[in-house]
1. Can you give the net charge of the other residues whose Cβ lies under 15 Å from the Cβ of Pro153, counting K and R as +1 and D and E as -1?
2. Starting from the Cα gyration tensor of segment 104-240, take the square roots of the eigenvalues, sort them a ≥ b ≥ c, and report rounded, prolate or oblate (rounded when a/c is under 1.5, otherwise prolate if a/b is larger than b/c, else oblate).
3. I want to check the label-to-label distance for Leu73 and Asp36. Put each point 7 Å from Cα in the C-beta direction and report it in nm to one decimal.
4. Using Cβ counts within 10 Å as a stand-in for footprinting exposure, how do Glu238, Glu26 rank, fewest first?
5. Pick out which of Pro203, Pro124, Pro67 has the largest mean-square fluctuation in a Gaussian network model of the chain, springs linking Cα atoms closer than 10 Å.
6. If contacts are Cα pairs under 8 angstrom and at least 6 residues apart, what is the relative contact order of the chain in percent?
7. Rounded to the nearest 0.05, what FRET efficiency is calculated for Gln213 and Met17 with R0 set to 35 Å and r the Cβ-Cβ distance?
8. Taking 0.36 nm per residue of sequence separation and subtracting the Cα-Cα distance, how much length would be gained by fully extending the chain between Lys185 and Asp140, in nm to one decimal?
Amino acid sequence: MTAAPRIRIVDFETSDMEPPEGKVIEVGWCDITRADDGSWAIGAPHAALCGAERIAPGARSAHHISPAEVAGLPAFHPSLVWGGLANDGADLVAAHNAEFEGKFWGDPARPVLCTYKAALRVWPDAPSHSNGSLRYWLEDQGLIAPEHALTQPAHRAGPDAYVTAHILVALLGFATAQQMVAWTKEPRVFPTCPIGKEWRGKPWSQVDVGFLQWMTRQPDMEPDLRWNANRELTRRMESA
């Protein structure tokens, strides 16, 4: 990374949750730039609508973008994210839950940083790790102070990218960008066990070893959950 890196935060609103049915219908971005004194400046958010033939009701209920707003517009292409990065000087691309954006943006042309995965590690005690919840939780602690007007409307690509930019600046007070890029390549680290009638919400250290072993044996277990169970079993074995 350069001495004064720029990180581009990206957010998508889509016509459905999964491609190929789901199309990107709005791209939002917001850059943060590090000054010589190590502080980070947050730029203005931007957004652009993209065309799609239909918008699923469930998706529309989140972002409220109507088919009429995107009718006749050019379809999204990954170059909207990656094409200008060399000229703009962005060293990294970040997103909150970058796994979702990654379904749509193709092969990344820059290292990717997931603020959701980073927040799980840095703030395991946060009440929720969603973009909006983290915003207010961090505001209450005086760690961020976004301009409210720029965060609205919620669940739109530009405002959400702006909120994520503030979350990322707060994260950079606890971990380096390189660390967070490395975390992005690993599974999510859940602070507590998210499944099981008896074990849901309990710290992994309190989960019964038999339940952890059962999790690792289930072929249909979500890979990140299996990884967390194996991680806890390995920790116990190494500390025995």
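1. Numbers: positive: Arg60, Arg135, Arg156; negative: Asp11, Glu13, Glu26, Glu69, Glu147, Asp160.
Here the charged neighbours net out to -3.
2. Prolate, since a/c reaches 1.5 and a/b exceeds b/c.
3. Using points 7 Å along Cα→Cβ, the separation is 4.0 nm.
4. Ascending Cβ contact count within 10 Å gives the list Glu238, Glu26.
5. Looking only at Pro203, Pro124, Pro67, the biggest GNM fluctuation is shown by Pro203.
6. 19 percent
7. 0.60
8. Result: 13.2 nm gained on full extension.
Coordinate-derived values only; no laboratory data. Since this is a predicted model, take the numbers as computed values, not measurements. Please note: Cβ atoms are built from the backbone with ideal geometry, for glycine as well, and neighbour counts cover all protein chains shown.
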